[in-house]
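Engineer: Mind looking over this structure? Questions follow.
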Amino acid sequence: MDVLSVMAYEMRKDVLDMIYHAGTGHIGGDFSVMEILTDLYFRQMNISPENMDDPDRDRFVLSKGHSVESYYAVLARKGFLDIEDVKARFSAFDSPYIGHPNNKLPGIEMNSGSLGHGLPVCVGMALAGKMDQKDYRVYTVMGDGELAEGSVWEGVMSASHYKLDNLCAVVDRNRLQISGSTEDIMHHDDLEQRFSSFGWHVVMADGNDIPSLDGAFEEARSQKGRPTVVIANTTKGCGVSFMENQAGWHHRVPTAEEYRAAVRELEERAKHAQGSEEVEPIYE
C-alpha cells in the first residue's frame with residue numbers, strides 16, 4: 001500500500017501521545033483529517049522548511065483549527081517542528097504549541113480556528129496570486145460543521161466570481177461535531193449540488209484513502225476558470241475502532257487503558273498498511 005497510508009497511522013500515534021500527555025485535544029477530527037493533510041503536505045503542495053519565504057510557494061490554511069494536533073504531527077514529519085518538543089509541551093503553560101494553529105510557528109500561514117475564516121482568507125491569497133501573476137496554489141481544509149457559517153458561503157461566492165482556479169477547498173465530511181450529527185444540528189442538503197450551484201467544480205473522494213485523494217487533487221489541478229472543492233468523506237476517529245463514528249470523541253482524552261489499546265491498534269493498522277496480516281480490533 002502507499003507509503004503515505006503507513007505514515008498517516010504513524011502520525012496518529014503522535015497525535016495520541018500529544019493529547020494523552022497534555023490532557024486535552026480534539027482527537028476525533030484529528031484522526032478523520034489525517035490522510036488529507038498527509039497527502040497535501042507530502043505529495044500535492046510545493047511547501048517545505050526551505051521555501052517558506054519563497055513568494056512562489058503554495059499556501060495552506062487549516063480552517064478547522066481545532067484539529068491542530070494532526071497539523072503539528074504533519075508539520076513535524078515534514079521538518080518544520082520537533083515532534084518530541086511538541087509532545088512534551090503541547091498545551092502547557094507558555095508553550096507555543098497551543099490548541100489552534102499559531103503563525104508564530106514555522107510552516108503556519110495564519111492563526112485559525114474561528115470557524116468560517118479559512119476559506120475567505122484563502123480567497124484573498126488566491127486572488128493575490130492571480131493579480132501578481134504567480135503560479136502558486138492555495139488550499140484550505142474545513143470541517144463540515146463549519147459550513148453553517150455564513151462567511152464560508154461569501155467566500156464560495158467570491159471565489160467563483162473571480163474564477164480562482166488556483167484555489168482548492170477540502171471539506172472533511174465526517175458528519176459529526178461536538179453536539180452530535182451535523183445533519184441534526186444544521187442540515188447540509190446535497191453539498192455537491194450546493195457548491196455546484198455557486199459555480200465550483202466538485203470532486204467527491206474517500207478522505208481516508210490516499211489514492212482517492214491523489215485523484216481528487218489531480219482533477220482539481222486540471223480545472224481552468226473555476227475553483228474546486230473536494231468533498232472528502234471521512235470517518236471521525238478513523239484508525240481506532242472504539243473511537244470511530246463516535247461524537248463523544250470530538251473532544252475527549254483517552255484513559256490509560258484506552259491509550260494503550262489505541263497505540264496497539266494503530267501499530268497493527270500501520271503494519272497492515274505495509275502488507276501484513278489483517279487487522280483485528282483490539283479494544284471494544
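Laboratory data are not the source of any read-out in this text; all were calculated from the coordinates shown. This structure is a prediction, so every number in the text was calculated from the model and none was measured. So basically every Cβ, Gly included, is an ideal-geometry build from the backbone, and we count neighbours across all protein chains shown.
Engineer: Over the C-alpha atoms of region 126-192, what are the Rg and the largest Cα-to-Cα span, Dmax, in Å?
Structural biologist: Radius of gyration, then largest Cα-Cα span, for region 126-192: 14.2, 44 Å.
Engineer: Out of all DSSP beta bridges in the chain, what portion is antiparallel? Express it as a percent rounded to 5. It would help to have the intermediate numbers written out before the result.
Structural biologist: Details: 2 of 24 bridges.
So the antiparallel bridges amount to about 10 percent of the total.
Engineer: What is the sum of charges, Lys and Arg at +1 and Asp and Glu at -1, for the other residues whose Cβ falls under 13 Å from the Cβ of N103?
Structural biologist: Values: positive: R59, K104; negative: E109.
Taking every other residue near N103 into account, the sum is +1.
Engineer: Then there's this: Which value at 222 nm does the chain reach when only helices count, each DSSP H run of 4 or more adding -39,500 (n - 2.57), with the total divided by all residues and rounded to the nearest 500 deg cm²/dmol?
Structural biologist: Counting only the DSSP helices, I get -13000 deg cm²/dmol.
Engineer: Note down the Stokes-Einstein diffusion coefficient of region 140-284 in µm²/s, whole number, using a Kirkwood radius over alpha carbon pairs, 25 °C, and 0.890 mPa s.
Structural biologist: Roughly 145 µm²/s, to the nearest whole number.
Engineer: Could you please state, rounded to a whole Å, how far the C-alpha centre of region 95-140 is from the C-alpha centre of region 167-218?
Structural biologist: Here the answer is 20 Å between Cα centres.
Engineer: Where Rh is the Kirkwood radius over the Cα pairs of region 1-159, the temperature 4 °C and the viscosity 1.567 mPa s, what D in µm²/s does Stokes-Einstein return?
Structural biologist: It diffuses with D of about 81 µm²/s by this estimate.
Engineer: Any idea what the dipole of the chain comes to, in debye rounded to 20, about its Cα centre with Lys/Arg Cβ at +1 and Asp/Glu Cβ at -1? Mind showing how you got there, number by number?
Structural biologist: Numbers: 27 positive and 46 negative charges, 151 e Å.
Dipole size: approximately 720 debye.
Engineer: List every residue whose amide H lies under 5 Å from the amide H of V253, counting only residues 5 or more places away in sequence or on a different chain, with H placed 1.01 Å from N in the peptide plane.
Structural biologist: HN-HN under 5 Å from V253: empty list.
Engineer: Sticking with this one: Percent antiparallel among DSSP beta bridges with both residues in region 81-212, to the nearest 5?
Structural biologist: Taking every DSSP beta bridge within region 81-212, about 25 percent pair in antiparallel fashion.
Engineer: Turning to a different aspect of this structure: How do 40-49, 60-69 rank on mean C-beta neighbours within 10 Å, highest first? Write down the numbers at each step before the final one.
Structural biologist: Working: 40-49: 17.5, 60-69: 27.2.
By packing density, highest mean first, the sequence is 60-69, 40-49.
Engineer: Going by Cα centres, region 62-81 and region 144-161 are how many Å apart?
Structural biologist: Here the two parts' Cα centres lie 23 Å apart.
Engineer: Would you mind checking K163/K224; K13/K87; K104/K236; K134/K163; K78/K271 for any pair whose Cα atoms are more than 19 angstrom apart?
Structural biologist: K104/K236; K78/K271
Engineer: Roughly how compact is the chain, stated as its Cα Rg over 2.2 N^0.38 Å to two decimals?
Structural biologist: Against the empirical 2.2 N^0.38 Å value, I get 0.95 for the chain.
Engineer: Here's another thing I want to ask about it. Would you mind checking which residues have amide H under 5 Å from R226's amide H? H placed 1.01 Å from N; only 5 or more apart, or other chain.
Structural biologist: Answer set, sorted by chain and number: D165.
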